[in-house]
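Presented below is the structure to which this report refers.
A short reminder: the numbers here are calculations on the coordinates, not readings from a lab. Everything quoted here is computed from the prediction, not taken from an experiment. Methodologically, a virtual Cβ is constructed for each residue, glycine included, from the backbone with ideal geometry; neighbour enumeration extends over all protein chains shown.
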Amino acid sequence: MHFGRDSSTELGDIDFTLPPDHPVTSDTLQRKGDPSNFDLRIGSSLWGRKEWIGTLFPEKTSEKNFLTEYARKVNYIELNATFYGMPPRSRIDGWYEKAAGRDFIFAPKIPRSITHILRFKNTGERIREFLDVVSGLKEKLGPVFFQCNDNFRPDQYPLLIEALDNATSSYKTGTFTVFVELRHEEWFADPEFFDRVATDLAARNIGLVLNDTPVRRDVLHMALTVPKLFVRFNGNGDHPADENRIRNWAKRIARWKAQGLTNVYFTIHQEDIETFPVSLERVRAIFAEHSV
């Protein structure tokens, strides 16, 4: 994930401290949370690279078995494959079968034809079609998320709300949770406006994705509008700053868990994808230290 990166910025000069909770968070956890019902998912946005053979995957694993092996070792994937095109139902069925018998969750990303090309205009039917297709993942269907284009501004908010309403009206309550990822700086520049957005989404039981990325710290808004956390963690390989960042997340999640947080979807993004297996074990170990 290249969003929020700048090669000219020294990582040591960045304040990676997690911001305070947004006011909507405590209200969400208090009203909708359930401390006795907690589920943690940690994964990648890819299920297979040849560089993982010999670390995450057994030696001589063939590419056709990457997803099967990934689902044996990891319990979640942020499914970016769906961003690049509407998959046929047969492909969804194939993915489901490769993860059969495993405690595994897919989190599909809405196709870019909806979010980036049509920019949410007249997309109700396409959204319903997509949700119908990914319903083939059955009990392995996790959150579904809309990623707004970097240049999608708040003046287009009505289009976004209409699209989100189309999504939430297309499935039975409790089947899965819809999340949205906001990127343009203007969404976060006016605190009162962002408060309104958070309130609107909380009323609709729609979640806000949290991006933890080096340069764009404004997107780390710490607003939970549902009692579920979806984090896109943009890592920096073995840089020492990352261990502190992960530890800070473990502490915050542990606190939110005690307050009623029910689900965590923690996606590890690395510029050097080869480092994912090591990053995965580091996140797991640090989270376990803090009883997450």
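The order of the peptides 138-148, 106-116 by mean Cβ neighbours within 10 Å, most packed first, is 106-116, 138-148.
Cross-link reach is defined here as a Cα-Cα straight distance under 25 Å, omitting same-chain residues fewer than 8 places apart; for LYS60 the lysines meeting it are LYS50, LYS73, LYS98. How far apart, in nm, are two points set 7 Å out from the Cα along the Cα-to-Cβ line at ASP34 and at ARG247? The modelled label-to-label distance comes out at 3.4 nm. Take the Cα of ASN149, go 7 Å toward its beta carbon, and the backbone nitrogen atoms of the range 108-137 under 11 Å from that spot belong to 113-121.
Is the range 66-174 rounded, prolate or oblate when judged by the Cα gyration tensor, a ≥ b ≥ c being the square roots of its eigenvalues, rounded requiring a/c under 1.5 and prolate requiring a/b larger than b/c? It comes out prolate by the Cα gyration axes. Here r is the Cβ-Cβ distance between SER291 and ASP218 and R0 is 45 Å; the resulting FRET efficiency, rounded to 0.05, is 0.90.
Which loop GluC sites (Glu not before Pro) in the range 210-292, with loop taken from DSSP, have no more than 16 other Cβ atoms within 10 angstrom of their Cβ?
On the way: sites: GLU243, GLU271, GLU274, GLU281, GLU289; in loops: GLU271.
Of the GluC sites (Glu not before Pro), the ones in loops of the range 210-292 whose Cβ has at most 16 other Cβ atoms within 10 Å are GLU271.
For the chain, the convex hull drawn through the C-alpha positions has a volume of 129 cubic angstrom per residue. Inter-part distance, the range 192-247 to the range 69-136, computed on C-alpha centroids, equals 22 Å. Using C-alpha pairs under 8 Å with a sequence gap of at least 6, the mean separation divided by the residue count of the chain gives a relative contact order of 27 percent. Taking the helices alone, the chain has a mean residue ellipticity at 222 nm of -10500 deg cm²/dmol, built from -39,500 (n - 2.57) per DSSP H run of at least 4 residues and averaged over all its residues.
For the range 199-249, the alpha-carbon coordinates run over 40, 19, 13 Å along the three principal axes, in decreasing order.
Cross-link candidates for LYS32: which lysines have Cα within less than 27 Å, leaving aside residues fewer than 8 places away along the same chain? By straight Cα distance, LYS32 reaches LYS109, LYS138, LYS140, LYS172, LYS228, LYS251, LYS257. Relative contact order for the range 48-104: 40 percent, from Cα pairs under 8 Å spaced at least 6 residues apart, divided by residue count.
For ILE273 and MET86, compute 0.36 nm times the residue count separating them, minus their Cα-Cα distance, and round to one decimal in nm. Present the calculation step by step, with values, prior to reporting the outcome.
Numbers: separation 187, 0.36 × 187 = 67.32 nm, distance 2.49 nm.
Answer, rounded to one decimal: 64.8 nm.
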